[in-house]
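Here is the structure we will look at, set down as C-alpha coordinates.
The values are calculated or read from the model by the stated rules, or taken from the named source; none is laboratory data. Quantities reported herein were computed from a predicted structural model and do not represent experimental measurements. Note that each Cβ is placed from the backbone with ideal geometry, even for glycine, and that neighbours are counted across all protein chains shown. These accessible areas exclude ligands, DNA and RNA; they are computed on the full protein's heavy atoms, side chains included. Shrake-Rupley method; radii C 1.70, N 1.55, O 1.52, S 1.80 Å.
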Amino acid sequence: QLQASGGGLVQAGGSLRLSCAASGSIFGIAVMGWHRQAPGKQRELVASITYGYSTNYADSVKGRFTISRDNAKNTVYLQMNSLKPEDTAVYYCNVDGGSQYAPYRYWGQGTLVTVSS
(Lines give C-alpha, C1' and ligand atoms only; values in the text may rest on other atoms or scores of the structure.)
Protein backbone atom coordinates (compact mmCIF):
# COMPACT_ATOMS: atom_id res chain seq x y z
CA GLN A 1 0.00 0.00 0.00
CA LEU A 2 3.08 2.21 0.25
CA GLN A 3 5.44 2.43 -2.68
CA ALA A 4 8.84 3.98 -1.99
CA SER A 5 11.40 4.97 -4.59
CA GLY A 6 14.49 7.08 -5.08
CA GLY A 7 17.23 5.22 -3.27
CA GLY A 8 20.61 4.52 -4.80
CA LEU A 9 24.34 5.00 -4.60
CA VAL A 10 25.75 8.48 -4.16
CA GLN A 11 29.07 9.97 -3.15
CA ALA A 12 29.48 11.80 0.11
CA GLY A 13 28.25 15.37 -0.24
CA GLY A 14 25.72 14.39 -2.86
CA SER A 15 21.93 14.47 -2.83
CA LEU A 16 19.04 12.07 -3.25
CA ARG A 17 15.28 12.49 -3.15
CA LEU A 18 13.07 9.74 -1.83
CA SER A 19 9.38 9.48 -2.61
CA CYS A 20 6.66 7.36 -1.07
CA ALA A 21 3.12 7.16 -2.36
CA ALA A 22 0.29 5.73 -0.30
CA SER A 23 -2.49 3.97 -2.13
CA GLY A 24 -5.92 5.50 -2.30
CA SER A 25 -7.29 2.77 -0.05
CA ILE A 26 -5.61 4.36 2.98
CA PHE A 27 -7.82 7.02 4.54
CA GLY A 28 -7.30 9.50 7.33
CA ILE A 29 -3.53 9.74 7.12
CA ALA A 30 -2.32 12.04 9.87
CA VAL A 31 1.45 11.67 9.93
CA MET A 32 3.82 10.58 7.22
CA GLY A 33 7.45 9.88 7.89
CA TRP A 34 10.72 8.21 7.14
CA HIS A 35 12.73 5.85 9.28
CA ARG A 36 16.02 4.17 8.47
CA GLN A 37 17.87 1.09 9.55
CA ALA A 38 21.59 0.65 9.11
CA PRO A 39 23.23 -2.78 9.28
CA GLY A 40 23.41 -4.00 12.86
CA LYS A 41 21.43 -1.05 14.19
CA GLN A 42 17.87 -0.45 15.25
CA ARG A 43 15.39 1.33 13.05
CA GLU A 44 15.34 5.03 13.86
CA LEU A 45 13.14 7.97 13.00
CA VAL A 46 14.60 10.30 10.40
CA ALA A 47 11.78 12.78 9.90
CA SER A 48 8.03 13.10 10.11
CA ILE A 49 5.40 15.55 8.91
CA THR A 50 1.82 16.05 9.99
CA TYR A 51 -1.18 16.69 7.77
CA GLY A 52 -0.79 20.36 8.69
CA TYR A 53 2.88 20.33 7.62
CA SER A 54 4.49 20.43 11.04
CA THR A 55 7.85 18.67 10.81
CA ASN A 56 10.16 16.80 13.13
CA TYR A 57 13.75 15.73 12.41
CA ALA A 58 16.38 13.58 14.01
CA ASP A 59 19.25 15.71 15.23
CA SER A 60 21.63 13.89 12.92
CA VAL A 61 19.84 15.11 9.78
CA LYS A 62 18.71 18.60 10.78
CA GLY A 63 19.80 21.18 8.24
CA ARG A 64 20.56 18.52 5.63
CA PHE A 65 17.27 16.68 5.05
CA THR A 66 13.88 18.16 4.25
CA ILE A 67 10.61 16.28 4.50
CA SER A 68 7.55 17.40 2.58
CA ARG A 69 4.21 15.97 1.55
CA ASP A 70 1.49 16.38 -1.03
CA ASN A 71 -1.81 15.66 0.69
CA ALA A 72 -3.73 15.52 -2.57
CA LYS A 73 -1.44 12.74 -3.79
CA ASN A 74 -0.91 11.01 -0.42
CA THR A 75 2.80 11.25 -1.10
CA VAL A 76 5.72 12.06 1.18
CA TYR A 77 9.17 13.13 0.05
CA LEU A 78 12.57 13.26 1.68
CA GLN A 79 15.15 15.55 0.12
CA MET A 80 18.56 14.50 1.37
CA ASN A 81 21.48 16.87 0.84
CA SER A 82 25.09 16.82 2.02
CA LEU A 83 24.89 13.08 2.45
CA LYS A 84 27.41 11.34 4.66
CA PRO A 85 28.56 7.71 4.74
CA GLU A 86 26.76 7.33 8.05
CA ASP A 87 23.47 8.03 6.26
CA THR A 88 23.83 4.65 4.54
CA ALA A 89 20.79 2.58 5.46
CA VAL A 90 17.54 1.14 4.22
CA TYR A 91 14.98 3.92 4.37
CA TYR A 92 11.37 3.05 5.17
CA CYS A 93 8.41 5.34 4.76
CA ASN A 94 5.45 5.10 7.10
CA VAL A 95 1.99 6.55 7.46
CA ASP A 96 0.08 6.86 10.71
CA GLY A 97 -3.58 7.55 11.13
CA GLY A 98 -6.89 6.17 12.24
CA SER A 99 -8.74 6.94 15.44
CA GLN A 100 -7.80 6.90 19.10
CA TYR A 101 -9.26 3.39 19.42
CA ALA A 102 -8.16 2.06 16.05
CA PRO A 103 -4.85 3.64 15.11
CA TYR A 104 -2.78 2.26 12.29
CA ARG A 105 0.75 2.43 10.94
CA TYR A 106 1.69 1.16 7.53
CA TRP A 107 5.24 0.68 6.28
CA GLY A 108 6.71 0.88 2.83
CA GLN A 109 8.99 -1.82 1.48
CA GLY A 110 12.24 0.06 2.09
CA THR A 111 14.67 1.63 -0.32
CA LEU A 112 18.45 1.34 0.03
CA VAL A 113 20.58 4.46 0.24
CA THR A 114 24.33 3.95 0.01
CA VAL A 115 26.71 6.85 0.51
CA SER A 116 30.31 6.23 -0.49
CA SER A 117 33.21 8.11 1.03
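Some notes on this structure:
- Residue ID - nearest to Pro103 (Cα to Cα), chosen from residues in the stretch 1-15 that are assigned to a strand (DSSP E or B) and at pLDDT below 95: Leu2
- Residues of the stretch 5-63 that are among the polar types (S, T, N, Q), loosely packed, with under 13 Cβ neighbours inside 10 Å and touching a residue at least 60 places away in the same chain (Cβ under 8 Å): Gln11, Ser15.
- Filtered by the rule that a residue be hydroxyl-bearing (Ser, Thr, Tyr) and open to solvent by 40 Å² or more (accessible area, probe 1.4 Å), the stretch 64-76 gives Thr66, Ser68.
- Residue ID - least open to solvent (accessible area, probe 1.4 Å), chosen from residues in the stretch 78-117 that are modelled with pLDDT of 95 or more and among the charged types (D, E, K, R): Asp87
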